[in-house]
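Asks: I'd like to ask you about the structure that follows.
The values are calculated or read from the model by the stated rules, or taken from the named source; none is laboratory data. From a predicted model like this one, the values you see are computed outputs, not experimental measurements. We place every Cβ from the backbone using ideal geometry, glycine too, and count neighbours over all the protein chains shown.
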Amino acid sequence: MVVWVQFPAFPVHFYHKEVLFSLGNMIGRPIKLDYHTQHQQRAKFARMAIELDLSKPLVTRIRLDGQWQYIEYENLPTVCFECGRVGHTSLTCPNLYPNPKDVESGAGRPPPEGQSATTPEEKAGFGPWM
Ligand SMILES: [Zn+2]
């Protein structure tokens with residue numbers, strides 16, 4: 001799926017095709033730059049078409065010159081802002097609300113506070129169940 005991606009408040013001195021394409025490579029497969037972006041006529045944001053692999057989480061920000069450069073996706077139907085995936089919203093995010101069965105089973109729960117002090121033997125791998 002090819003979408004238009006915007007880099008709001010993009011630093012003007014990074015308005016180079018090479019820089020934008022290297023950023024695009026972190027998001028997906030860059031296709032082309034917006035005509036105006038290419039000619040540096042757009043003061044507020046850069047824009048480019050990128051082919052996304054929707055099976056992967058969306059990249060929502062990129063570290064650029066010590067600053068977070070945020071990324072906006074145009075016309076994406078449903079994006080989850082919790083996990084960055086397409087196809088559901090944060091209200092129905094399976095990653096935010098795991099299967100209730102897993103929560104109720106209590107597997108892997110840490111021991112009560114009184115038992116948390118460990119002896120040297122326990123640290124070496126000999127737990128209190130031995
Ligand atoms: Zn989600």
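Asks: I need the full set of residues from region 45-56 which are surrounded by 13 or more Cβ atoms within 10 Å (Cβ to Cβ) and part of a loop (DSSP other than H, G, I, E, B), in order please.
Replies: Listed by number, the residues that qualify are LEU52, LEU54.
Asks: Among what's in region 59-79 and is assigned to a loop (DSSP other than H, G, I, E, B) and at pLDDT 85 or above, pick the residue that is surrounded by the most Cβ atoms within 10 Å (Cβ to Cβ).
Replies: ILE71
Asks: A follow-up question, please. Looking only at region 20-48, how many residues end up being in contact with a helix residue (DSSP H, G or I) (Cβ under 9 Å, 6 or more places away or on another chain) and at pLDDT 85 or above?
Replies: Number of matching residues: 9.
Asks: For ASN95, state whether it is within 14 Å of the chain's Cα centre (by Cα), farther than 30 Å from TYR15 by Cβ and either outside the structural domain of ALA9 (by TED's automatic domain parsing) or at pLDDT below 60 (or both).
Replies: Judged against the criteria, ASN95 is a match.
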